[in-house]
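Report on one structure; see the data block that follows.
The values are calculated or read from the model by the stated rules, or taken from the named source; none is laboratory data. Only a predicted model underlies this, so the values are computations on that prediction, with no experimental measurement involved. Using ideal geometry, Cβ is built from the backbone for each residue, glycine included, and neighbour counts are taken over all protein chains shown. Each accessible area value is taken on the protein alone, full model and side chains, heavy atoms only, with ligands, DNA and RNA left out. Shrake-Rupley method; radii C 1.70, N 1.55, O 1.52, S 1.80 Å.
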Amino acid sequence: MRFKSKLAVEHLQLLHNVIVPISRLTGGGQLGNTNSSVGSGTTLYLDPEHLRISSRGGAGKSVENAMNGGEGGGEGIVCFSELIALNGIFLEHKIESLAQNVIVFEIDLVQMRTALAATLQSLGGSGAADKQVPLYNSGDGGRSSRRMSSSFQSGSSVIVVMKLAKRGGVPCLCLDTTSHDGNFDVHHAVPVRILRAEE
């Protein structure tokens, strides 16, 4: 099983913009609590054409009970998001698996959000001038385009590599960045739990 992709800074910002509200809605895991770092109810589904994020309510709460502050055992889907992978969120990507090139894993969105934010912050501090950068999933023909203030330049030569790899024997979704001039490296590894595609 292999997953490796390259993202421009704009794509990384778009992914962060999608994950932030979902992670708040689902409650995610508690940072620092290793028992909840994986298994928070968020599943990422990767195939050659799409990246899908499916989340359930946090910590066993149903959506209605969570909104009313009560406890519940609902396991329904709270949020579902689908991004186009091919000529969309990734500049290029490679997905290989025995399950018809489908990879499914569970991840803590709070940890992923933190890794994305830290990577964006480190890239924003690289000295590029403030500029309005269009952020959109290019697979929709620009229909959902919006402009956002950013501290990096569009088309910069900074590339972020996102891949599945093992760190200390634990499967992780890794974010690796090296600036175009090689002055800094940023590495993040978010633990995941690999699932069978049938699940």
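Just to be sure I understand, how many residues within the range 1-31 are at pLDDT 95 or above and assigned to a loop (DSSP other than H, G, I, E, B)? Selection size over the range 1-31: 0. From the list E71, E106, E64, E92, the one residue that fits, being modelled with pLDDT of 50 or more and loosely packed, with under 13 Cβ neighbours inside 10 Å, is E92.
Residue-wise test of (1) open to solvent by less than 30 Å² (accessible area, probe 1.4 Å); (2) in a strand (DSSP E or B); (3) at pLDDT below 75; (4) of a type in the set (A, V, I, L, M, F, W, C).
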{"site": "Q153", "(1), (2), (3), (4)": "no, no, yes, no"}
{"site": "L164", "(1), (2), (3), (4)": "no, yes, no, yes"}
{"site": "L173", "(1), (2), (3), (4)": "yes, yes, no, yes"}
{"site": "T177", "(1), (2), (3), (4)": "yes, yes, no, no"}
{"site": "D181", "(1), (2), (3), (4)": "no, no, yes, no"}
{"site": "V186", "(1), (2), (3), (4)": "yes, yes, no, yes"}
{"site": "R193", "(1), (2), (3), (4)": "no, yes, no, no"}
{"site": "E199", "(1), (2), (3), (4)": "no, no, yes, no"}
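Applying the set (1) modelled with pLDDT of 95 or more; (2) exposed (fewer than 13 other Cβ atoms within 10 Å of the Cβ); (3) not aromatic (F, W, Y) to D130 leaves exactly one unmet item: (1). Scanning the range 90-123 for residues that are more than 13 Å from D47 (Cβ to Cβ), of a type outside the set (D, E) and outside any strand (DSSP E or B) yields a count of 17.
Taken as a whole, the condition of being among the hydrophobic types (A, V, I, L, M, F, W, C), open to solvent by less than 50 Å² (accessible area, probe 1.4 Å), closer than 19 Å to L164 by Cβ and at pLDDT below 95 does not apply to L86.
Within the bounds of the range 32-52, is there any residue that is modelled with pLDDT of 55 or more, part of a helix (DSSP H, G or I) and in contact with a Leu (Cβ under 8 Å, 6 or more places away or on another chain)? Checked against the condition, which is being modelled with pLDDT of 55 or more, part of a helix (DSSP H, G or I) and in contact with a Leu (Cβ under 8 Å, 6 or more places away or on another chain), the range 32-52 yields no hits at all.
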